[in-house]
Amino acid sequence: MEGEEEEILEPVSPSAQYLKSSTLSLTILGVLETEFPVDDSMTMPLLKNVFLPINPRFSSIMVTEKKGVKKWKKVEVNLKDHVNVPTFPNDMSTEYYDQCFTDYLSKIAMEELPLNRPLWEIHIIKYPTENAAGNVVFKLHHSLGDGYSLMGALLSCLQRLDDPSLPLTFPSRQSNGESNNSGGNGLFLRRAPRFLKGLVNTACDFGWALLKSSLVKDDKSPIRSGGDGVEFRPVVTITTAVDLDQIKMIKSRLKVTINDVITGIITLGTRLYMQKTSEESGTAKSTALVLLNTRAVGGYKSLDEMIKPGSEMLWGNRFAFLQCPIPKLTAHDLQNPLGFVRKAHRTIKRQRNSAAVLLTGQLLNLIRKIRGPEVKKSSCMFMEQATARYIHGTLKNTSMAISNLIGPVEKMALDNQPIKGLYFVVAGPPQSVSVTMISYVGKLRIAMTMEKGFMDPNKFKSCIEYAFEIISKAALQSPPTTKP
């Protein structure tokens, strides 16, 4: 930091405060895999002229005023403080550097970002791994924005490899839902039972969410150690990739969404891992939190649109968790693995059609507002911590989190350096495993981050791959679903 300015930006949003507190602190790591060795000669000009202007928060620190209100304060950024280029021993094997990178990623995932400078870093790894000639890791605190916002920011630093003058394009997200073209009394009669059912679902889901954040816990299992402080334990990340066309084929055959297919594959693979590790865990009560982007858009808006006041696709943290029980695994399920996708579809559809997500968001805001505008700083911080504890409890009492983002169809380049692959991970949740996914050039990249020493990453990866294989095979052999 080279001298601070006195400009005070907008107050820190409630969700940003929850995600950066003494109770809960989440960080997003975006990994770009380069096709050729990384040339970092233009790093500083790119950061200064492209990255920093994306959003004022990249040049701001979080400060607390006298009454406990947090705001973003503009400062001068010393870019050298934010760029890290680790050194490993020379002339070693790819396998050696692969392990070095895995350990390094684990190390920076566990390290807190310094509070006296803007909450981001870039790590440039110039050594070849199994998947890439080099890696560039963007580490950004979740309080700066959610995956949608930060991915939009990251993509604004990249160009299409084939033609930099053209914009990146993204897969369509067409729904297989029913048409709502008809109207009149017939439409009302059809919707009335659905409305009543939605009220019941809302009450059940909202009540269950409250219990899950405080009293009701998942069973301890091979994917949930259940101990205090799991978020501070070392993690390990392993990745795999599946064909996006296969995912779309399953979606089309079953008349479900991409999210349903992904959730079905991950929950089946997870239950397979649990049962292979301990047969008794096949019936353990386990829940996956499926991350929902509440913007419900099909692609990334421009950064100008996201930071524009009143925008429908505002920058920030705009997400919610859907609680999806991981189905128990029986011999029948192995013969009919599509059941996991159908169960995921029913659960997610029911929760999306209830107002529990909205009510939970209103509850968090209410907890924060109860303190009133004139409370003391200690009371203000207490209510902030209470809200963070609610989110922390929801994460801790469940077994895993699943989130996915859509990525570009075309191959990208960073300063004319081709990007071979990309993935992202979330560090800091109080869970033993999380699964994050992003599509890129016809592939879905799956990153699995888990508690080191507690879970077997290679076994978990093989179970996910096997789940994808048997679900794909079953979808090909099954007649297409005629009714959503």
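Tally the residues that are touching a strand residue (DSSP E or B) at 6+ places or on another chain (Cβ under 8 Å) and touching a residue at least 12 places away in the same chain (Cβ under 8 Å), restricting the search to the range 65-80.
Adding up the residues that qualify gives 8.
Just give me the residues in the range 138-161 being farther than 17 Å from residue 42 by Cβ, part of a strand (DSSP E or B) and not charged (D, E, K, R), in sequence order. Please lay out each step first, then the result.
Start the filter on the range 138-161 by keeping residues that are farther than 17 Å from residue 42 by Cβ, which leaves 139-153, 155, 160.
Narrowing further to those that are part of a strand (DSSP E or B): 139-141, 160.
Within the range 138-161, 140, 141 meet the criteria.
Scan the range 67-82 and give yes if some residue there is open to solvent by 60 Å² or more (accessible area, probe 1.4 Å) and within 19 Å of residue 20 (Cα to Cα), otherwise no.
Yes, because at least one residue in the range 67-82 is open to solvent by 60 Å² or more (accessible area, probe 1.4 Å) and within 19 Å of residue 20 (Cα to Cα).
May I ask you to verify whether residue 51 is in contact (Cβ under 8 Å) with a residue 12 or more places away in the chain, within 27 Å of residue 237 (Cα to Cα) and open to solvent by less than 20 Å² (accessible area, probe 1.4 Å)?
In short, yes.
Just to be sure before I move on: is residue 149 hydroxyl-bearing (Ser, Thr, Tyr) and open to solvent by less than 10 Å² (accessible area, probe 1.4 Å) in the structure I sent?
In short, yes.
Can you spot a residue in the range 414-431 that is closer than 28 Å to residue 217 by Cα and touching a Lys or Arg at 6+ places or on another chain (Cβ under 8 Å)? Before you say what the answer is, go through the steps one by one.
Filtering the range 414-431 down to residues closer than 28 Å to residue 217 by Cα leaves 424-431.
Adding the requirement that they be touching a Lys or Arg at 6+ places or on another chain (Cβ under 8 Å) leaves 430-431.
Yes, because at least one residue in the range 414-431 is closer than 28 Å to residue 217 by Cα and touching a Lys or Arg at 6+ places or on another chain (Cβ under 8 Å).
Is it the case that the range 249-262 has a residue that's assigned to a helix (DSSP H, G or I), touching a strand residue (DSSP E or B) at 6+ places or on another chain (Cβ under 7 Å), among the β-branched types (Val, Ile, Thr) and modelled with pLDDT of 90 or more?
Checked against the condition, which is being assigned to a helix (DSSP H, G or I), touching a strand residue (DSSP E or B) at 6+ places or on another chain (Cβ under 7 Å), among the β-branched types (Val, Ile, Thr) and modelled with pLDDT of 90 or more, the range 249-262 yields at least one hit.
At least 3 residues that are within 22 Å of residue 445 (Cα to Cα) in each: list the strands (runs of 3 or more DSSP E) lying fully within the range 39-132 that qualify.
120-125
Please find, within the range 328-342, the residue that is most open to solvent (accessible area, probe 1.4 Å) out of those that are under 11 Å from residue 282 (Cβ atoms) and of a type in the set (D, E, K, R).
328
So which residues in the range 106-117 are touching a residue at least 60 places away in the same chain (Cβ under 8 Å) and farther than 22 Å from residue 58 by Cα, if there are any at all?
106
Looking at 473, 483, can you tell me which residue is at pLDDT 95 or above, surrounded by fewer than 19 Cβ atoms within 10 Å (Cβ to Cβ) and of a type in the set (D, E, K, R)?
Criteria check complete, one pass: 473.
Give me a count of the residues in the range 387-422 that are of a type in the set (Val, Ile, Thr), crowded, with 20+ Cβ neighbours inside 10 Å and modelled with pLDDT of 90 or more.
To start, the set of residues in the range 387-422 that are of a type in the set (Val, Ile, Thr) comprises 387, 391, 394, 398, 402, 406, 409, 419.
From the residues that got through so far, the ones that are crowded, with 20+ Cβ neighbours inside 10 Å too are 387, 391, 394, 398, 402, 406, 419.
Now drop any that are not modelled with pLDDT of 90 or more, which leaves 398, 402, 419.
Residues in the range 387-422 being of a type in the set (Val, Ile, Thr), crowded, with 20+ Cβ neighbours inside 10 Å and modelled with pLDDT of 90 or more: 3 in total.
Counting only residues that are among the hydrophobic types (A, V, I, L, M, F, W, C) and open to solvent by 20 Å² or more (accessible area, probe 1.4 Å), which one in the range 423-461 is farthest from residue 19 (Cα to Cα)?
Per the criteria, the residue is 441.
I'd like to verify a number: residues in the range 234-270 that are farther than 26 Å from residue 479 by Cβ and open to solvent by less than 40 Å² (accessible area, probe 1.4 Å), how many?
Residues meeting the conditions: 7.
Is there a residue in the range 288-305 that is more than 25 Å from residue 150 (Cβ to Cβ), open to solvent by 50 Å² or more (accessible area, probe 1.4 Å) and modelled with pLDDT under 95?
No, the range 288-305 has no match at all.
Rundown of residues vs (1) in a helix (DSSP H, G or I); (2) surrounded by 17 or more Cβ atoms within 10 Å (Cβ to Cβ); (3) out of contact with any strand residue (DSSP E or B) (no Cβ under 8 Å at 6 or more places or on another chain); (4) modelled with pLDDT of 85 or more, yes/no style:
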| site | (1), (2), (3), (4) |
| --- | --- |
| 163 | no, no, yes, yes |
| 178 | no, no, yes, no |
| 188 | yes, no, yes, no |
| 200 | yes, no, yes, no |
| 207 | yes, no, yes, no |
| 217 | no, yes, yes, yes |
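The values are calculated or read from the model by the stated rules, or taken from the named source; none is laboratory data. Just so it is clear, the model here is predicted, and its values are computed rather than measured. Neighbour counts run over all protein chains shown; Cβ positions are idealised from the backbone, glycine included. Calculation scope for accessible area: heavy atoms of the full protein, side chains included, ligands and nucleic acids excluded. Shrake-Rupley method; radii C 1.70, N 1.55, O 1.52, S 1.80 Å.
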